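See below for the structure under consideration.
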Amino acid sequence: MRFTDRVALITAAASGIGRATADIIGAEGGIVVAVDTDKTRLDATVEALKSAGGRAHGRQADALDSDQVAGVVESVVRELGRVDILVNAVGGSTIIPRAAAKVDELTFAEWQRLIAFNLEGTFLFCHAVTPVMKRQQSGKIVNISSIAGRGLSESSSSAYAAAKGGIIAFTKKIALELGPFGINVNAIAPSLTLTERLQPRWDKWTAEERARETDRMPLRRVAVARDQARVICFLASQDADFVTGVTIDVTGGL
Amino acid sequence: MARLTGRTVLVTGAASGIGAASSRRLAADGAQLLLADIDGPGVEKLAAELGQAAVRADVTRGEDVDRMIGEAYTRWGRLDVLFNNAGVVRLQPMLEVTHDEWDRVMSVNLRAVFFVLQAVARRMLDQGVMPDSELRGKLIQTASIASYRGGNHLMTPYSASKAGVVSLTRSAAQALAPHRITSNCVCPGAVETPMWEQIDKEWGALEGLGQGEAWKRRIRHIPLGRPERAEDVAGVVAFLAGPDSDYMTGQALNVDGGLVMGN
């Protein structure tokens, strides 16, 4: 039980990597505060965590809205007293019609949407929990970058790459700022991960396309959300107490 | 918590420092260990304390390496994890490094690390996957943040050897991933170990510093604001030895309190 009584605020917690992370932390004694915009899925997540024997609270909120983010953090501190772990899982490359649009095909509006969606929620939640964690003199923040943030992705755009590269730099910079307060800040950089959002796209690929993608992975399989969540949970645990400012590629060797 | 129950692990350089702390942690997590070190009495003492097996081995000698790995396979019929950790250091100004000193450091830190990895990987190819895992085995090397820009100017051969360890960790990851063997390394920072006592002494002698002064200088700028302990590295080694890191390979994971951040 690595997370006994730890309050873990997880964004985009109702699906994908956020949900898989909530499942592990909930099962290992943590108090999960699940944040998501989708009320139905959020309620189902909280219900599932509780029926698995965990403790969970739901907060329907938009991570890209500064007032809503501040409100969530304020209410968590009021009701639960602290925030030990923040996992910023909001993000994605498929919010534009053609996720892999080349630089000359991307519209400026699409660029702005991708930059905002993949950076602003992470900033706003880090900004809001930092005073709380500073008071505690402890805390763990885990951000989600992407292999695209290393400049290596054929299935997403340069706007997504720029935003996820931004997460790597943001993670290092605030690790430097917050280290003296006993706060660790790290990130993971996943490769293609079959979440609820990406599974339908994967299912539409031909068998040959899927085989080609699988063969491209040195470990010969595509990641699932749990592969990523396990590394996030390591970074959120005491085992990573002296790890800060790093981004771990969880890519099966790509 | 017994996250490594039943997993078999060979640890080189196990008698002291990071090797000893990691051995204690892996044993506490339920792993079965074979502890190897050039310091026979030292490694036997630790093994007796932990109720684990020990073998005296000089990893630069081929026959010792064969005997060490043979011992693991005789004992268990398989080896799940190699913690390829043995290493040495000596501080010298770059312009005074001799051929002999260069060769000594490279021979332990890079040549031996590679040939131990190679010998273990050859055996791992013939074994089935671990229980509760899709992998045949896991290789973990000890590199260092000295491989980055923040490396010490008095540790040229050491820094080069550890950069080499990161490189061969990545080569092994690429070569072995299709065979379901992963390869990762840890990059510790300035860790409170017998090795750092030696560094402090040699650095002090070279630059006229009192005892503990070089250590203080090195740890002054750690963002997390405290010195690193061998147990800090051991927690990361336990993660790399366990199932939670199964989809990671070819990674060099810094455990340095933010000292260099991989730059």
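For the stretch A:175-193, which residues satisfy the criterion of being touching a helix residue (DSSP H, G or I) at 6+ places or on another chain (Cβ under 6 Å) and either farther than 14 Å from A:LYS164 by Cα or surrounded by fewer than 21 Cβ atoms within 10 Å (Cβ to Cβ) (or both)?
The answer is A:PHE181, A:ILE183, A:VAL185, A:THR193.
Looking at B:VAL186 and the list (1) within 14 Å of chain A (Cβ to nearest Cβ); (2) outside any strand (DSSP E or B); (3) buried (at least 18 other Cβ atoms within 10 Å of the Cβ), which single condition is not satisfied?
(2)
Considering only residues of the stretch B:214-245 that are in a loop (DSSP other than H, G, I, E, B), more than 7 Å from chain A (Cβ to nearest Cβ) and touching a residue at least 24 places away in the same chain (Cβ under 8 Å), which is nearest to B:LEU10 (Cα to Cα)?
Checking each candidate, the answer is B:GLY242.
Of B:ALA146, B:ALA160, which residue is surrounded by 17 or more Cβ atoms within 10 Å (Cβ to Cβ), among the aliphatic types (A, V, I, L, M) and touching a helix residue (DSSP H, G or I) at 6+ places or on another chain (Cβ under 6 Å)?
After ruling out the rest, the residue left standing is B:ALA146.
Looking only at the stretch B:210-231, filter to residues that are closer than 16 Å to B:ASN254 by Cα and of a type in the set (A, V, I, L, M); which one of those is nearest to the chain's Cα centre (by Cα)?
Among those residues, the one meeting the criterion is B:ALA230.
Since B:GLN211 meets every condition but one in (1) in contact (Cβ under 8 Å) with a residue 24 or more places away in the chain; (2) farther than 25 Å from B:SER22 by Cα; (3) surrounded by fewer than 21 Cβ atoms within 10 Å (Cβ to Cβ), which condition does it not meet?
Evaluating B:GLN211 over (1) in contact (Cβ under 8 Å) with a residue 24 or more places away in the chain; (2) farther than 25 Å from B:SER22 by Cα; (3) surrounded by fewer than 21 Cβ atoms within 10 Å (Cβ to Cβ) leaves (1) as the failure.
When the residues of the stretch A:197-254 are narrowed to those that are within 11 Å of another protein chain (Cβ to nearest Cβ) and among the basic types (Lys, Arg), which ends up farthest from A:ARG2 (Cα to Cα)?
Checking each candidate, the answer is A:ARG220.
Considering every residue within the stretch A:3-16, establish whether at least one is under 19 Å from A:ILE232 (Cβ atoms), in contact (Cβ under 8 Å) with a residue 60 or more places away in the chain and within 14 Å of chain B (Cβ to nearest Cβ).
So far as the stretch A:3-16 goes, yes, one or more of its residues are under 19 Å from A:ILE232 (Cβ atoms), in contact (Cβ under 8 Å) with a residue 60 or more places away in the chain and within 14 Å of chain B (Cβ to nearest Cβ).
Picking from B:VAL113, B:VAL129, which residue would you name as being of a type in the set (A, V, I, L, M, F, W, C), in a loop (DSSP other than H, G, I, E, B) and either surrounded by fewer than 16 Cβ atoms within 10 Å (Cβ to Cβ) or without any contact (Cβ under 8 Å) to a residue 60 or more places away in the chain (or both)?
B:VAL129
Which ranges mark the helices (runs of 4 or more DSSP H) fully within the stretch A:145-254 that have 2 or more residues being within 23 Å of A:ALA20 (Cα to Cα) and touching a residue at least 40 places away in the same chain (Cβ under 8 Å)?
Filter on the stretch A:145-254 gives A:158-178, A:225-235.
Spot the failing condition for A:GLY151; the list is (1) more than 14 Å from chain B (Cβ to nearest Cβ); (2) modelled with pLDDT of 95 or more; (3) within 27 Å of A:ALA109 (Cβ to Cβ), and only one is missed.
(2)
Considering only residues that are within 17 Å of the chain's Cα centre (by Cα), crowded, with 24+ Cβ neighbours inside 10 Å and in a helix (DSSP H, G or I), which ones fall in the stretch A:27-50?
Hit for the stretch A:27-50 is A:THR45, nothing else.
Restricting attention to the stretch A:198-254, and to residues there that are charged (D, E, K, R) and in contact with a strand residue (DSSP E or B) (Cβ under 9 Å, 6 or more places away or on another chain), which single residue is nearest to A:GLY149 (Cα to Cα)?
Across the stretch A:198-254, the extreme among qualifying residues is A:ASP249.
The values are calculated or read from the model by the stated rules, or taken from the named source; none is laboratory data. Bear in mind the structure is a predicted one, so any value in this text is a computation, not a measurement. Glycine also receives a Cβ, built like all others from the backbone with ideal geometry; neighbour counts cover every protein chain displayed.
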